[in-house]
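Notes to accompany the following structure.
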Amino acid sequence: MLTERDQWQVRRGEPPPGEAATAEERRDPRRVVAQARTYLGNNRDRMAYPRYRREGLPTTSSLVESLVGEVSARVKSEQKHWNRPGGAESILQLRAAVLSQDDRLPRFFAQRPGSSFRKRGTLCHKSEDAPAQTVA
């Protein structure tokens, strides 16, 4: 593929030197092909797609982009309210554990700090007018 672009560039000539100032200059086929040649030349080692396919690796980012969209929709829906922005990372981790459908969720509950038998205190501040409560 790079050889074909090299041949095309030789036939058409090199693009004018310097940065393209206008949209028309940016669309100049000589400049477009030169940019493609540079990109392909710089990333040739990363484009081993036949090997990636043999190893069962994805050759597209669409799987990750789809998952990001799904997670984003689930944590940013109208029913979600972010009163404590510092807790957003915890919510994202928890949602990812639920969506992963592996052992992450049970592992999260088994390894989280605190006791599963004790109710955790709230972060609400008590009013000074409220009477102090004691354990009987």
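Every number in this text was worked out from the coordinates using simple rules, so none of it is lab data. Computed from a predicted model, the values in this text were never measured in an experiment. Reconstructed Cβ throughout: ideal geometry from the backbone, glycine too, with neighbour counts over all protein chains shown.
Tabulated data for the structure shown
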item: Debye, to nearest 20: dipole size of the range 1-66, +1 on Lys, Arg Cβ, -1 on Asp, Glu Cβ; result: 260
item: At R0 = 35 Å, FRET efficiency that the Cβ-Cβ distance of residue 36 and residue 64 yields, to 0.05; result: 0.90
item: Chymotrypsin sites (Phe, Trp or Tyr not before Pro) restricted to the range 9-102 and DSSP loop, no more than 13 other C-beta within 10 Å; result: 82
item: Residue-wise HN-Hα coupling along the range 98-105, computed from phi with Karplus coefficients 6.51, -1.76, 1.60 (Hz; x: Gly, Pro); result: 5, 6, 6, 6, 10, 8, 5, 5
